[in-house]
Every structure is written in structure tokens, then in C-alpha cells.
Amino acid sequence: MRAGMKMSNIIFAVGTCLVVASLFLLGNCTRPGYRTIEGPRTQITPDAQRDKMAVAGNFSNQVELRFDSNEVQKFVTRYPRFADYAADINKFYRKRDFAYAWYDQKGLIEQAGSLFNRIVHIHDDGITAQLPYEADFVRMMEDSDSILRKEPRNADAELMLTSQYFSFAKHVWQGVGQTDEEKMDWYLVRKKLDLEALMDSLLLHPERSINADEPVYRQYALLRRYLKKYNEIDSAGKWITVPSSDRKLSEGDSSHVILHIRKRLALTGDFQGDTISATYTADLAKAIKRFQDSRGLQADGVIGPTVISELNMPASKIVEQIVLNMERARWVPVSMDGSYIVVNIPAFKLYVYDHDSLVWDMNIVAGQPMHETVIFNGELKYVVFSPYWNVPQSIYKNEILPGIKRDPDYLAKHNMEKFGNSVRQKPGPSNSLGRVKFLFPNSYNIYLHDTPSKSLFSKDNRAFSHGCIRLAEPKKLAMYLLRDSKAWTSAKIDAAMSSNSEKWVTLDKPVPVFIAYFTAWVGRDGALNIRKDVYKRDSRLAEMMIAGN
């Protein structure tokens, strides 16, 4: 990130594409100076109630009030930044025979006010970019004559509401376009949403709430809660800095540093105990271990320089990291059926899910910064026991050939043999792929595999490979993938992994694999997790978002 770059320039998202979400199931959100419009009435909604309120409802089903189809083109001509939505606006209103959707026989419907208030409070979604023609929108919505009229003077307010919805949906629920994703070397499948089907559904189901139906990956809503929390802390200037300690602190120790740590953890809700004691007590140790776990550190309860450094990460930096990962959450599929595997590189973890429920996870080793593991998805089809390792040409040229020149017996000492224009390592305990590998065919030559180098899994930062993903518990994954096959017992898997003969097993049903990159997320315990930006992708995404503002 460029020096001097302000967070206010970063917290926004740009987007392309049509969206998927409940068109009128928008929560009543207000900020001082804005009114919540409910039919013909106008009232102030207290901020304290904002997040608890959600409007059930959809488009007006009236058919008497209509406008001329030519009004859409006239409107887009006056407001050209909405031109990208013209086709969808026309499609929507053609199905309604150009009947007003935001008005009924009493005037402007309640959902119009809900959308208005959600838009003027769009910063709650980590977006500071101003939506198109917001000033015109505000003027229309605060025109009491227009609000109270049973029959609209013209279609301007109607079409402005529909266009603003599309703009809101694009920014909040879809994020940047696929081209921008690929500039970030992000090749995960993008969610595909059917706007027309969504609209049909909305007309049929007025009872749904946006809180339940927002068409984004569930992490989005979880992160949004923490965004609000840390924004409030940052805005109030309440952040507490923990002083350094001249020694590591363990349970039972006393130090003025402990007093600051108690207050710092209490500020973010991570500690509910005494905030005036300078003694490191058992309840504080539990809080420290939870904090260490949330930052990917060894949860030993020892307070050293790394823990203090993590505690002192500024609230503004945490806000930034949350915003960037909310943007990533906009890109990925909303949900998945069946079993699937997710690898999150900054967490150095592999997660196994079944119908979006976490089954278990394990530690992994990912690619070094100079050999980044690619962000993409595939289908795991093969389990290969006692595999050969076909040495990649880059490793062959840069490591193997120099080794052979230094030592004529290099290949024999490393259990290798000539294979085509390169070499391969034969199955065995010293094989670089360990005792089993898992293949999901792809053009990046990335796969999951065992490793003889077990000691690396105990490290906090586990970016050590040439790009492939090493597994801490490969047998566990093999047993899970083959769990429905009676032939593949634990004993048979052990035997296959200990053999000197390679054996391929084709899965009856391929399992989706997603290799992702999230540096902030909310865990099963509800805690905000923060990780190091090992591949410097956060700064690249921030730069791209600023450029698009």
C-alpha cells in the first residue's frame, strides 16, 4: 500500500454484474438527518433499533398505475450512469406491463424507504464510494409531495428507486468484476446469479428478510458485524496500546503490561474479567490463548513480543482487513451442497465441509511467496498411494542437475531415477510427496500430498513449498474420501501407503476443492480471525479498489 494512503480511501467496493438478492427485503437503517419512509408516513427510527429491524414485503402488486415504456429510455438518457441497467429495467417492467412497483393506492410503499435508508447507510457494508446520483435520489425521497401523492407525477422516482437498487446490489452483493478478480490472480469459480428468477421469487415470497436472504457467502454478514464494532472503536479513538515487556510473561507473573493487556482485550470484548489487576491470572490466560488462536499463533498462553505486536495492530488496520475480506466474500459461491474441501492459504489450514457444515480441519504447508499457491478451484478425482514424484522441470534444472554435477550418486542417494527428459523419485519413506497424494487435475500442477518433513506443521507461518499443498494428516483425508467404500479399511489404507508400488484409486464422486485467500474471517466460536498477508494480496486489492473508486 502506498505511503500516506488513508483508510477512508480504501473502504469501498466496486462491482460489475447483476445481482441476486431480495429486492425489497431491506432492513430499516437510518442515520441522523435521514427519515424512514413508511408508506405515506414519515418518522425517525432510533439508531439503536436499526440493526434489529427488517422489513418484510416486496413490490406493490397494484396494476392500475402504469407508465409509458418510453420513460425508461428517457430516464437513462437523463441519468447515463444507469445505462448498464437499462436492459434489466426494461425486462422487469415488461413483465409487469409497466405497472409501478414502488407505489400502491396509498402512495410510496414502505420498502422504498427501506431501500433508501440502506443506501444512505451503505458504509455499514464497508463501502464509501458514493452511488450514482445519490443527491438526486435523496432529493426525490425527501420530496414530501412526491411521497404523499397517491398517484406519482411521473416515473422518475419509480425508475430512480429501481436503478438505485441495481447499483446497490452490484456494489454490496457482487463486488468487483471477474476481469478484476483475474488481475488479482484469483481464479476461483464466481457465483452465478439469475436476477430475473430472483425478482420472480421476490414477488412470490413477501415474508423473507434480507438478513436471511442476502446473496453472499455467510462470512460477509459475520464480518460486517465486526466492521461496525471496530469502526466504532476507531472513530471514538479508544484504542489501547500495550507497552513492550522486557521479559516473556506467563500465568502467575505480575507486570504493568498485564494491566494494559486486560484493558485492551476488554475493549474488544475478548476478556470479561478484572481490568485493574497487574497479575497474570488463569482467566486472563484463557483469553490470551483464545486471542493467540485467533491470530494463528501457538496457543500456549505465553505473552511475548509477537503477542504484544498482534494486540497492538491498530483498529484502523483491522477495519481495512475486514473490508478487503468482505470484498472477497462477495466473489465466492453463496453455498455448496454435498462434501467439499476449502484450503485457506493465510490460515495454513484445510477444511472439510459437508453441506456447509465444518466436519474437521488440518494444518497445511503452502507455497513460498516466490512460489505462490494458485487461487482456484477444481474437483478431486484421484487418490494415489505410494506415489512417484515426477520432478518439475524448474526443480530439475535449478536443484537436481546442480546436485548431480556435485555428486554422481545424487540420484541413487535420493531414491530417484531417470524418467524421460527429467527424473522421478520412487515411492518410499523419503519421497517428497510422502505416502499419498490427492489429485484434482488442473493446469497449475497443484495438488495435495503427504510429506516426510513433518516438523514444519508446528510453525505459525507455513509457507515453505514450491506451490503444492502439504498435509499434516493425509491418512485422515484418505479415509474421509474413501469412507463409503467397504474395501478401503484403515488397515488397507495403511498397507497401500507403506507399499513401494504406486496405486491409483478413482473416487466414485469427485469432491470440489477451493483454494482461497482470506486474511480475516469469523471462526466457529464467533471470534474474529486475522492472519498475515503472506502473498501481499491485501495491499494489491486495496490499490485496485482505490483505482476503481
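The values are calculated or read from the model by the stated rules, or taken from the named source; none is laboratory data. What you are looking at is a predicted structure, and each value in this text was computed from that prediction instead of being measured. No Cβ is skipped: glycine too gets one built from the backbone with ideal geometry, and neighbour counts run over all protein chains shown. Surface areas here come from the heavy atoms of the whole protein model, side chains and all, with no ligands, DNA or RNA. Shrake-Rupley method; radii C 1.70, N 1.55, O 1.52, S 1.80 Å.
Within the range 235-249, restricting attention to residues that are of a type in the set (A, V, I, L, M, F, W, C) and assigned to a loop (DSSP other than H, G, I, E, B), which residue is farthest from LYS317 (Cα to Cα)?
Keep residues of the range 235-249 that are of a type in the set (A, V, I, L, M, F, W, C), which gives 236, 239-240, 242, 249.
Applying the additional criterion that residues be assigned to a loop (DSSP other than H, G, I, E, B) yields 239-240, 242.
Details: TRP239: 12, ILE240: 14, VAL242: 16 Å.
Looking at the filtered set, the residue picked out is VAL242.
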Evaluate the range 345-356: report whether one residue or more is open to solvent by less than 30 Å² (accessible area, probe 1.4 Å), out of contact with any Ser or Thr (no Cβ under 8 Å at 6 or more places or on another chain) and either more than 21 Å from LEU223 (Cα to Cα) or acidic (Asp, Glu) (or both).
no
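So if I check each of ARG94, ARG118, which one is surrounded by fewer than 16 Cβ atoms within 10 Å (Cβ to Cβ), out of contact with any Phe, Trp or Tyr (no Cβ under 6 Å at 6 or more places or on another chain) and of a type in the set (D, E, K, R)? Quick ask: steps written out before the conclusion?
Working: ARG118 fails: surrounded by fewer than 16 Cβ atoms within 10 Å (Cβ to Cβ).
Criteria check complete, one pass: ARG94.
Is it the case that ASP300 is under 29 Å from LYS349 (Cβ atoms), outside any helix (DSSP H, G or I), free of Cβ contacts under 8 Å to residues at least 60 places away in the same chain and open to solvent by 10 Å² or more (accessible area, probe 1.4 Å)?
Numbers: under 29 Å from LYS349 (Cβ atoms): yes; outside any helix (DSSP H, G or I): yes; free of Cβ contacts under 8 Å to residues at least 60 places away in the same chain: yes; open to solvent by 10 Å² or more (accessible area, probe 1.4 Å): yes.
For ASP300, the condition - under 29 Å from LYS349 (Cβ atoms), outside any helix (DSSP H, G or I), free of Cβ contacts under 8 Å to residues at least 60 places away in the same chain and open to solvent by 10 Å² or more (accessible area, probe 1.4 Å) - is met.
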Single unsatisfied condition, ALA366 versus (1) within 25 Å of LEU507 (Cα to Cα); (2) of a type outside the set (Val, Ile, Thr); (3) out of contact with any Gly (no Cβ under 9 Å at 6 or more places or on another chain); (4) not in a loop (DSSP other than H, G, I, E, B)
(3)
Of the listed residues (LYS397, LYS381), the one being charged (D, E, K, R), more than 17 Å from ILE469 (Cβ to Cβ), outside any loop (DSSP other than H, G, I, E, B) and open to solvent by 20 Å² or more (accessible area, probe 1.4 Å) is LYS397
Specify the residue that is modelled with the highest pLDDT; the eligible residues are those in the range 513-549 that are over 23 Å from ASP354 (Cβ atoms) and of a type in the set (S, T, N, Q).
THR519
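Taking strands (runs of 3 or more DSSP E) that fall entirely within the range 408-458, which contain at least 2 residues that are within 38 Å of the chain's Cα centre (by Cα) and closer than 17 Å to TRP504 by Cα?
Numbers: elements: 416-419, 422-425, 436-439.
Answer list for the range 408-458: 436-439.
List the helices (runs of 4 or more DSSP H) inside the range 123-183, counting only whole elements, that have at least 2 residues being at pLDDT 80 or above, touching a Phe, Trp or Tyr at 6+ places or on another chain (Cβ under 8 Å) and open to solvent by less than 10 Å² (accessible area, probe 1.4 Å).
On the way: elements: 134-141, 144-148, 156-169, 178-183.
Correct list: 134-141, 156-169.
Got a number for residues in the range 477-508 being part of a strand (DSSP E or B) and free of Cβ contacts under 8 Å to residues at least 24 places away in the same chain? Spell out how you get there, then give the answer.
Of the residues in the range 477-508, the ones part of a strand (DSSP E or B) are 503-508.
Imposing the further condition that a residue be free of Cβ contacts under 8 Å to residues at least 24 places away in the same chain reduces the set to none.
Result for the range 477-508: 0.
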Count of residues meeting criterion [within 20 Å of TYR226 (Cα to Cα), open to solvent by less than 50 Å² (accessible area, probe 1.4 Å) and in a helix (DSSP H, G or I)] in the range 263-293
8
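Please tell me if LEU324 is crowded, with 16+ Cβ neighbours inside 10 Å, of a type in the set (A, V, I, L, M, F, W, C) and touching a strand residue (DSSP E or B) at 6+ places or on another chain (Cβ under 8 Å). Don't jump to the end; show me each part of the working.
Working: crowded, with 16+ Cβ neighbours inside 10 Å: yes; of a type in the set (A, V, I, L, M, F, W, C): yes; touching a strand residue (DSSP E or B) at 6+ places or on another chain (Cβ under 8 Å): yes.
So LEU324 passes the test.
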Among the residues of the range 524-539 satisfying the criterion of being acidic (Asp, Glu) and farther than 17 Å from LYS286 by Cα, which is surrounded by the fewest Cβ atoms within 10 Å (Cβ to Cβ)?
ASP533
When PRO427 is evaluated against the numbered criteria (1) at pLDDT below 95; (2) touching a strand residue (DSSP E or B) at 6+ places or on another chain (Cβ under 9 Å); (3) open to solvent by less than 50 Å² (accessible area, probe 1.4 Å); (4) not hydrophobic (A, V, I, L, M, F, W, C), which criterion, by number, is the only one it fails?
(1)
In the range 244-262, what residues are free of Cβ contacts under 8 Å to residues at least 24 places away in the same chain and either open to solvent by 20 Å² or more (accessible area, probe 1.4 Å) or within 26 Å of the chain's Cα centre (by Cα) (or both)?
ASP246, ARG247, HIS256, LEU259, HIS260
Every residue in the range 395-419 that is over 23 Å from HIS371 (Cβ atoms) and among the small types (Gly, Ala, Ser), please.
ALA412
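Criterion first (out of contact with any helix residue (DSSP H, G or I) (no Cβ under 9 Å at 6 or more places or on another chain) and not basic (Lys, Arg)) does PHE514 satisfy it?
On the way: out of contact with any helix residue (DSSP H, G or I) (no Cβ under 9 Å at 6 or more places or on another chain): yes; not basic (Lys, Arg): yes.
So PHE514 passes the test.
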Within the range 303-352, track down each residue that is assigned to a loop (DSSP other than H, G, I, E, B), over 27 Å from PHE464 (Cα atoms) and under 17 Å from the mean Cα position of the chain (by Cα).
PRO333, VAL334, SER335, MET336
Determine the pairs where a residue that is open to solvent by 100 Å² or more (accessible area, probe 1.4 Å), located within the range 60-85, has a partner that is outside any helix (DSSP H, G or I) and among the hydrophobic types (A, V, I, L, M, F, W, C) with Cβ atoms under 8 Å apart, the partner being 6 or more residues away or on another chain.
GLU64/ALA99; ARG66/PHE98; ARG66/ALA99
Note on LYS475: of the conditions (1) within 30 Å of GLN292 (Cβ to Cβ); (2) touching a strand residue (DSSP E or B) at 6+ places or on another chain (Cβ under 7 Å); (3) modelled with pLDDT of 95 or more, unmet is (2)
